[in-house]
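What follows is a short report on a single structure.
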Amino acid sequence: MTAIDFSQKTVEMINVVKKFGDFVANDGINLTVHKGEVHALLGENGAGKTTLVNCLYGLYHPTAGTIRINGRELNVTDPNVAIQNGIGMVHQHFMLVEPFTVTQNIILGRETTKLMGILDLSAAEKKVAEISERYGLAINPRDKIEDISVGSQQRVEILKALYRGAEILILDEPTAVLTPPEIQELVMIIRNLTQEGKSIIIITHKLHEIKQVADYCTIIRRGKYIDTVEVDTVTEQELASMMVGREVSFAVEKKPQKRGPKILTIDNLVVEDNRGIQALKGLSLELHKGEILGVAGVDGNGQSELIEALTGLRTVRSGKILLHNKEITGALPKQIIDGYNIRTIPEDRQKRGLVLEFDVAENLVLETYHKKPFSWRGVLNHPEIYQYADDSAKEFDIRPANPYLTAKSLSGGNQQKVIIAREVGNDPEVLIASQPTRGLDVGAIEYVHAALVEQRDRGKAVLLVSFELDEVINVSDRIAVIFEGKIVGTMAAEGVDENEIGLMMAGGTS
Amino acid sequence: MEAIINDIGFIIGTTLMYSTPLMFTSLGGVITERSGVVNIGLEGMMFFGAFVAATVAYYTQNPWLGFLCAGLGGAFLGLLHAIACVSFAAEQIVSGIAINFLGPGLALFLSRLFFDGATQTLTIPNKIPLPLHFLFGEGKLFKSAGFMDLVFNRFATVYLAFLLVLLVWFVLYKTKVGMRVQAVGEHPEAADTLGISVYRIRYGAVIMSGFFAGLGGASMSIAVVSRFSNTLISGHGFIALAAMIFGKWKPQGAMLACLLFGGAKGFEIFLGAKGVPVSSSLLAMLPYILTIIVLVGIVGKTTPPAAIGKIFDKSGK
Ligand SMILES: Nc1ncnc2c1ncn2[C@@H]1O[C@H](COP(=O)(O)OP(=O)(O)O)[C@@H](O)[C@H]1O
Ligand SMILES: [Mg+2]
């Protein structure tokens, strides 16, 4: 798609090894990028992609291996060396000083000054505006970072690199924080950049994005170099298999359904959001044993409020929630968890799902620590807790399988496994899963889906709420479409018309 | 009428005099905290500075030399704080507490050594001069003990403090170094990725804060009074710290807050001088009570530098 100049290798990383203590994060990685090329780095969470580019950018020092920039061997001791050699990086977590203006952020470390170190901001602003225009970045140099959107902040990061004369631009998971239209803008910007002869290294674990923008793709799996492929010659399926190390099925495997009796009834539920505006306006739903009911809808149509009402976190204004025909409206969260055995995989795994500072074992017993055998007369029984955590970690494939690690130190996928181990491990009657695969890579997504299906096959009820229509269609037995706080239609998932649901999600009638 | 005007002049004058030590120290606080390092050791640094100033001024008879050495003494303690907090990633509050023991301990130890076992120095021969003194008196521009005299015939340290507010403001907001200090205090990783040495900036800022706190102590012991004693500082470093927070981590804000606290002290002295029938001990509590009220009630929501007190550790990478 772009004019790659194969005679010019801008980046060569040869056999790069990076160890953290005994842990090998990069184990002999090779990467070659040419002028004008978009090169994707693909790998699961924790595969070592960020570590590799941090070595290239001088933030980490490789334990072994060679780095060549434009054919010349280079010892990238710190980011200054990288910057001087035309390497720029947009970090996964933005490196922007919030109270500063765009210009201040861009010139930081390379300030334009008059005499005696006095800043010359207006000269800098002019230059920033120039670059912004040239690459179609649409950035106002005087805006404060805290006032602009995430998409704009990312463009400021790109500008920051270009201002420093970057010829090689590293983008670490740039699309993770963007909305779909913002992603399209980014794709345009990347095209503009390669047109000007820049080389781009883009990290992502979204396969269709690789197909869309990248020329070549290097796959890393658990720190090891797997292969470099020309993107046009492989399918998404093949990329996924290389990344995960086994066949990945995008389709969810399900046995035929054995639908049981009705277990949960939601009748005419009315709930307000934090601003006191009605978020659920008389929502009704029925959930049966042995089924996965998927709630499809665009973000902000009452999904969060529905989950919070069901889990006892939000007051119900009117309407009823029935479990086995017994009213449980207004029950407290603890009652719902302990008494009714309704368990939840929450939407925000870091805020509500885990105590990040606690270790894996403590997170696993968050709902049961006060019961035997984990405690006795108010005193925790640590040997039992850690034994249980050891077993769970093996059963649910939590990596690394070390119950003493803090939840914070795990990758997103493994954090989600801890939550699933806790919620599913308690054998719930009803499992509520809210956005259970958000931000996860394909391997982890497959795992989560399999866990939900297993619950259903065991005759339990699963309520799945997701903004990803594909997910809802693939995983569910039945689909309910939510729009503006009401269910506007329910249908069997099999053979469903995607367009029809899409229309209903947008408020159109079918 | 003239009596009232002179009373006002007296209050303004004493306010200026007592605000000055706070202002030096508070500016030091602004610099270090804007770089992301909490320094509650200002009190100990001020204490030590007060001692060094009086001792050097006593032995050399040169108050300016004493003033400078006080800054260096404070900077020395600042260096210790920086080594602990920046290089060794120590808990900043704990290190600050240690400095608050170390500063006075060192001062009293040396005081006993130099002044025959006494915990105070002897009276210094020359205080910091009054730069505008030539304007006041018989046959001069203004008569002595009038309003102008009471307000403006002040120690050079008073004028220096205000100049320093201007200077710190300028450096912080208008220069490259200042921008880097702010960046390091807000988002050290961002600064690091742009090749700025977080360690170096923080070292500089913490040492400067010690220097300024030392000057604050000096402007107490060789200007406001003319000797060091072990009760001289008694919490002024903490008040300066409070002023910095009340002033929202800005040099100009810290200045206004220091003037407010200094004003309480000025008022206290005024009431004392007027023989108001209130116990002097109660009056002496005024600035401290004001500190508590201000911090509890009026400050409200402030946003400190985002990375304040957080450890930045690059090792192992
Ligand atoms: N500074 C560090 N110290 C110790 N381990 C680290 C450090 N940085 C990353 N790791 C570990 O290295 C592995 C790879 O991390 P990373 O490169 O961030 O993965 P990716 O970007 O592919 O998701 C992870 O297991 C992570 O926990
Ligand atoms: Mg990463």
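The values are calculated or read from the model by the stated rules, or taken from the named source; none is laboratory data. These figures come from a predicted structure and were not determined experimentally. When we count neighbours, we look across all protein chains shown, and the Cβ atoms used for this are built from the backbone with ideal geometry, even at glycine.
Does segment A:263-288 hold any residues that are assigned to a loop (DSSP other than H, G, I, E, B) and either crowded, with 19+ Cβ neighbours inside 10 Å or among the acidic types (Asp, Glu) (or both), and which are they? Walk me through it before giving the result.
From segment A:263-288, those assigned to a loop (DSSP other than H, G, I, E, B) are A:273-277; that's our starting set.
The one that is assigned to a loop (DSSP other than H, G, I, E, B) and either crowded, with 19+ Cβ neighbours inside 10 Å or among the acidic types (Asp, Glu) (or both): A:Asp273.
Given the residues A:Val234, A:Val244, which is the only one that is free of Cβ contacts under 8 Å to residues at least 40 places away in the same chain and within 30 Å of the chain's Cα centre (by Cα)? First the steps, then the outcome.
Values: A:Val244 fails: free of Cβ contacts under 8 Å to residues at least 40 places away in the same chain.
Just one listed residue meets the conditions, A:Val234.
Could you grab me the full set of residues in segment A:365-387 that are under 19 Å from A:Gly353 (Cα atoms) and either surrounded by 17 or more Cβ atoms within 10 Å (Cβ to Cβ) or in contact with an Asp or Glu (Cβ under 9 Å, 6 or more places away or on another chain) (or both)? Let's see the steps before the verdict.
Residues of segment A:365-387 under 19 Å from A:Gly353 (Cα atoms): A:365-370, A:385.
Of everything in segment A:365-387, those that are under 19 Å from A:Gly353 (Cα atoms) and either surrounded by 17 or more Cβ atoms within 10 Å (Cβ to Cβ) or in contact with an Asp or Glu (Cβ under 9 Å, 6 or more places away or on another chain) (or both) turn out to be A:Val365, A:Glu367, A:Thr368, A:Tyr369, A:Ile385.
Could you pull out every one of the strands (runs of 3 or more DSSP E) wholly within segment A:415-506 that has 1 or more residues that are closer than 22 Å to A:Glu286 by Cβ and among the polar types (S, T, N, Q)?
Working: elements: A:430-434, A:461-466, A:478-483, A:486-492.
In segment A:415-506, the matching strands (runs of 3 or more DSSP E) lie at A:430-434, A:461-466, A:486-492.
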Segment A:5-37: number of residues that are touching a residue at least 24 places away in the same chain (Cβ under 8 Å), within 14 Å of another protein chain (Cβ to nearest Cβ) and away from ligand 2 (no atom under 16 Å from the Cβ)
1
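Against the definition (within 28 Å of A:Gly58 (Cα to Cα), at pLDDT 90 or above, in contact with a helix residue (DSSP H, G or I) (Cβ under 7 Å, 6 or more places away or on another chain) and away from chain B (no Cβ under 14 Å)), how does A:Val187 come out, yes or no? Break it down stepwise before answering.
Numbers: within 28 Å of A:Gly58 (Cα to Cα): yes; at pLDDT 90 or above: yes; in contact with a helix residue (DSSP H, G or I) (Cβ under 7 Å, 6 or more places away or on another chain): yes; away from chain B (no Cβ under 14 Å): yes.
It is true that A:Val187 is within 28 Å of A:Gly58 (Cα to Cα), at pLDDT 90 or above, in contact with a helix residue (DSSP H, G or I) (Cβ under 7 Å, 6 or more places away or on another chain) and away from chain B (no Cβ under 14 Å).
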If only one of A:Thr179, A:Thr265, A:Thr233, A:Thr228 is of a type in the set (S, T, N, Q) and in contact with a Gly (Cβ under 8 Å, 6 or more places away or on another chain), which one is it?
A:Thr179
Quick check, is A:Ala40 more than 9 Å from ligand 1 (Cβ to nearest atom) and in contact (Cβ under 8 Å) with a residue 60 or more places away in the chain?
yes
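Do any helices (runs of 4 or more DSSP H) entirely within segment A:76-149 hold 1 or more residues that are facing chain B (nearest Cβ under 7 Å) and at pLDDT below 95, and if so, which?
The qualifying helices (runs of 4 or more DSSP H) are A:79-84.
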Go through segment A:4-37 and give me each residue that's over 19 Å from A:Met89 (Cα atoms), more than 9 Å from ligand 1 (Cβ to nearest atom), part of a loop (DSSP other than H, G, I, E, B) and of a type outside the set (D, E, K, R).
A:Ile4
Would a scan of segment A:242-249 turn up a residue that is surrounded by 15 or more Cβ atoms within 10 Å (Cβ to Cβ), within 16 Å of ligand 2 (Cβ to nearest atom) and at negative phi?
yes
Subset of segment B:186-210 that is of a type outside the set (A, V, I, L, M) and closer than 11 Å to B:Gly28 by Cα - its residue that is nearest to the other protein chains (Cβ to nearest Cβ):
B:Ser209
Those residues that are touching a residue at least 40 places away in the same chain (Cβ under 8 Å), among the polar types (S, T, N, Q) and more than 16 Å from ligand 2 (Cβ to nearest atom), I need them from segment A:124-172; list them, please.
A:Gln153
Collect the residues in segment B:142-171 that are surrounded by 15 or more Cβ atoms within 10 Å (Cβ to Cβ) and within 11 Å of chain A (Cβ to nearest Cβ), keeping them in residue-number order.
B:Val171
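Table: residues versus (1) in contact with a Ser or Thr (Cβ under 8 Å, 6 or more places away or on another chain); (2) over 15 Å from A:Leu431 (Cα atoms).
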position	(1), (2)
A:Leu464	yes, no
A:Asn474	no, yes
A:Asp477	no, no
A:Gly485	no, yes
A:Thr490	no, yes
A:Ala493	yes, yes
A:Val496	no, yes
A:Ala506	no, yes
Of the numbered conditions (1) surrounded by fewer than 21 Cβ atoms within 10 Å (Cβ to Cβ); (2) within 14 Å of chain B (Cβ to nearest Cβ); (3) among the hydroxyl-bearing types (Ser, Thr, Tyr), A:Tyr57 satisfies every one except a single condition; which is it?
(1)
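Check B:Ala183, B:Ala243, B:Ala257, B:Ala218 and return the single one that is under 16 Å from the mean Cα position of the chain (by Cα), assigned to a helix (DSSP H, G or I) and at pLDDT 95 or above.
Values: B:Ala183 fails: under 16 Å from the mean Cα position of the chain (by Cα); B:Ala243 fails: at pLDDT 95 or above; B:Ala257 fails: at pLDDT 95 or above.
Of B:Ala183, B:Ala243, B:Ala257, B:Ala218, the one residue that is under 16 Å from the mean Cα position of the chain (by Cα), assigned to a helix (DSSP H, G or I) and at pLDDT 95 or above is B:Ala218.
Suppose we filter A:Ile67, A:Ile107 for residues that are β-branched (Val, Ile, Thr), away from ligand 1 (no atom under 11 Å from the Cβ), over 24 Å from the mean Cα position of the chain (by Cα) and closer than 23 Å to A:Gly197 by Cα; which single one remains? Before you say what the answer is, go through the steps one by one.
Values: A:Ile107 fails: closer than 23 Å to A:Gly197 by Cα.
Every option except A:Ile67 fails the conditions.
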Candidate set: segment A:38-54, residues that are in a strand (DSSP E or B) and within 13 Å of ligand 2 (Cβ to nearest atom); chosen: the one farthest from the other protein chains (Cβ to nearest Cβ)
A:Leu42
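Residue-by-condition table, conditions (1) over 23 Å from A:Ala279 (Cα atoms); (2) within 14 Å of chain B (Cβ to nearest Cβ); (3) within 16 Å of ligand 1 (Cβ to nearest atom):
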| site | (1), (2), (3) |
| --- | --- |
| A:Gly412 | yes, no, yes |
| A:Gln415 | yes, no, yes |
| A:Arg422 | yes, no, no |
| A:Ser434 | no, no, no |
| A:Gln455 | yes, no, no |
| A:Ile479 | no, no, no |
| A:Lys486 | no, no, no |
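Name the single residue, out of those in segment A:61-75 being in a loop (DSSP other than H, G, I, E, B) and over 16 Å from A:Lys18 (Cα atoms), that is farthest from the other protein chains (Cβ to nearest Cβ).
Just the residues of segment A:61-75 that are in a loop (DSSP other than H, G, I, E, B), to begin with: A:61-63, A:70-71, A:74-75.
Among the residues that remain, those that are also over 16 Å from A:Lys18 (Cα atoms) are: A:70-71, A:74.
On the way: A:Asn70: 20, A:Gly71: 24, A:Leu74: 15 Å.
Looking at the filtered set, the residue picked out is A:Gly71.
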Say whether the condition of being over 30 Å from B:Arg200 (Cβ atoms) and touching a His at 6+ places or on another chain (Cβ under 8 Å) is met by at least one residue in segment B:211-224.
yes
Of (1) outside any helix (DSSP H, G or I); (2) crowded, with 24+ Cβ neighbours inside 10 Å, B:Ile40 satisfies every one except (2)
When segment A:173-216 is checked residue by residue, the ones that are within 16 Å of ligand 2 (Cβ to nearest atom) and over 18 Å from the mean Cα position of the chain (by Cα) are A:Ile201
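If we keep just the residues of segment B:186-197 that are in contact (Cβ under 8 Å) with a residue 40 or more places away in the chain and surrounded by fewer than 24 Cβ atoms within 10 Å (Cβ to Cβ), which is nearest to the chain's Cα centre (by Cα)?
Initially, segment B:186-197 is screened for residues in contact (Cβ under 8 Å) with a residue 40 or more places away in the chain, giving B:186-189, B:192.
Okay, now just the ones that are also surrounded by fewer than 24 Cβ atoms within 10 Å (Cβ to Cβ), so B:186, B:189, B:192.
Numbers: B:Glu186: 24, B:Glu189: 30, B:Asp192: 31 Å.
Taking the candidates together, the pick is B:Glu186.
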